[in-house]
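Below is one structure, written out as C-alpha cells; the observations come after it.
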Amino acid sequence: MREPVDLRRQRILAAVQARGATRVSDLAAELAVSVVTLRRDVEELARAGKLRRGHGIARPILPEQDEGRGRPKEQTETRASASSPGPDGGPVAVVVPERHAYLYEMLHGARTAFEEAGVRIALHIAPAAPGAEQPLVERALADGARGLLIAPRWRSLATEEADYAWLARVDVPTVVMERRPRRGSALHAVDTVCTDHWYGVHLAVEHLTALGHRRIVLAARDDSPTARAVRAAFAEIAADHPQVDKWAVALSSPGAVPEPEREHTEKPLELPLLLDELGATGALLHGDVDALMLVQSLRDAGVRVPEDCSAIAYDDVVAGLGSTPLTAVSPPKAEVGRAAAELLLHRLGRDAAAGPAHRVELLPTLKVRGSTRSALYREPLPSTSAGH
C-alpha cells in the first residue's frame, strides 16, 4: 500500500531536521520513491516554509538565535551528532591560481560536490608570485576554515619544494588537487587527486603511431607540474616506442618557462623548422592556447594541418574551437575537482580523519577531431634513435 503523501513529507522533515542538509537522491532511496517525487515533496515543503531547498539538497530552517551567544539554538547538538560534514561548520578553503582556465574547470566540479553536501566554500585566488598561496591559507585558517582544497601554481621545482614543509603542517584536512608531490617528500602522505598525465601522453603517441607517424615532436611548456609531467612522460614513451624512429622536445612558446627572466637551456620553438629538420609528421602540443597559435604558425609557413602534419593538443580547454578543431588529450578536469572535494568531505566526517592517505589518479581520454590523419607515404627514412 502506498504511503500517504502527508506522512511521507513528515518523514522528510524529520530526516532533514535530524541530519541537517541532506541529498534529495539519498532521501528518495531511503523512502523508496523516485527522485522526481521526492523533489516535488521538497518543493512543497519549501513553499510552506518548513525547510529550505538548494541544488539537489534539502536543508532545515535555521532555529531562532540564542540571545547573547549569536548562534542558533541546538547547533552544538547537531554538530556533535552528525556523521557527515553538513552545513553547520566553517567553510572549506579552496585555493587556486589566478587566470588558470584548466584549474577553473576543476573548481566547478569541486564546487558542485560541496554544494550538494551543503558545505560552504571560501574561494581564494592566488596571484602569480612564488609563495603566494601560504598567506592565503594562513588567513583562511585564521578565519575558521575547517578544510583545505588547494591547487598550487608551482611554476618551478624550487617553488614546489619550498611549499612542501608548510603545507604538510596545515592542521585541518587537506587535499592537493591536480598536483603530485615528489615521492618521499613531506607531502607524500597528504591526500592528492590528479590526472594520470603519463597515460594522456601514451594515448597521443599511440594515436599518432597508429596513423603511421614515425617521427614526432612535443612542443610543451615547462612552467607547471602538468607541463613537467607531460615532458617526462613523452621522453620516456617516445624513447621506448618501437614505432617511433625519431623524436624531439621543444618549448611551445618563449614565455613557457618557470622563470622567464633567467636564461633557459631550450630555445623558443620554430615549429615549421623543427618539423622540417626532423622529418616529423606528427606533433603533440601543450597546452591549448599555445597549440592553436602553433597550428596558425604552421599554416603561415605553408604546413597544412592535418595534410602535412597531424597535431594533438594537450588540455582540451579550447582545443575544439580552432578553425581546424584539434584532436586533444582531455584530462577529466571536472571529475578531478569532484573527486578531490568528495575526498575532503570524507576527511571531514566524524571518523575518517585518521584513515590512510589517498593518492588518486584519474585517466584522461583522447578526443579525435579534424587535426589528425594517416601519414603521407613517402620514401622510407633510415631508422635512427635520437632525442633531446
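The values are calculated or read from the model by the stated rules, or taken from the named source; none is laboratory data. In this text the structure is predicted, and so the values were computed from the model without any measurement. As a convention, Cβ positions derive from the backbone with ideal geometry for all residues, glycine included, and neighbour counts pool all protein chains shown. These area figures cover heavy atoms from the full protein model, side chains too; ligands, DNA and RNA do not enter into them. Shrake-Rupley method; radii C 1.70, N 1.55, O 1.52, S 1.80 Å.
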Members of segment 8-30 found to be open to solvent by less than 80 Å² (accessible area, probe 1.4 Å) and in contact with an Asp or Glu (Cβ under 8 Å, 6 or more places away or on another chain), listed by number: ARG8, ARG9, ILE12, ALA15, GLY20
Hey, which of the helices (runs of 4 or more DSSP H) in segment 1-81, taking only ones fully inside, have at least 1 residues that are farther than 28 Å from GLY109 by Cα, touching a strand residue (DSSP E or B) at 6+ places or on another chain (Cβ under 8 Å) and at pLDDT 80 or above? 5-19, 35-47
Taking segment 281-320 and keeping only residues that are of a type in the set (Gly, Ala, Ser) and open to solvent by less than 10 Å² (accessible area, probe 1.4 Å), one is left with GLY282, ALA283, GLY287, ALA291, SER310, ALA311, ALA313, ALA319
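For segment 280-301, which residues satisfy the criterion of being part of a loop (DSSP other than H, G, I, E, B) and of a type in the set (A, V, I, L, M)?
Going through segment 280-301, the residues part of a loop (DSSP other than H, G, I, E, B) turn out to be 280-281, 287, 301.
The answer is ALA280, ALA301.
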Condition check: acidic (Asp, Glu), within 27 Å of MET106 (Cβ to Cβ) and open to solvent by 40 Å² or more (accessible area, probe 1.4 Å). Does GLU277 satisfy that? no
What tally of residues in segment 137-157 results from selecting those that are farther than 18 Å from ALA341 by Cα and in contact (Cβ under 8 Å) with a residue 60 or more places away in the chain? 5
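Residues of segment 210-262 being part of a strand (DSSP E or B) and without any contact (Cβ under 8 Å) to a residue 60 or more places away in the chain, which ones? Can you show your working first?
Initial filter on segment 210-262 (part of a strand (DSSP E or B)): 215-220, 246-251.
LEU251 - this is the single residue of segment 210-262 that is part of a strand (DSSP E or B) and without any contact (Cβ under 8 Å) to a residue 60 or more places away in the chain.
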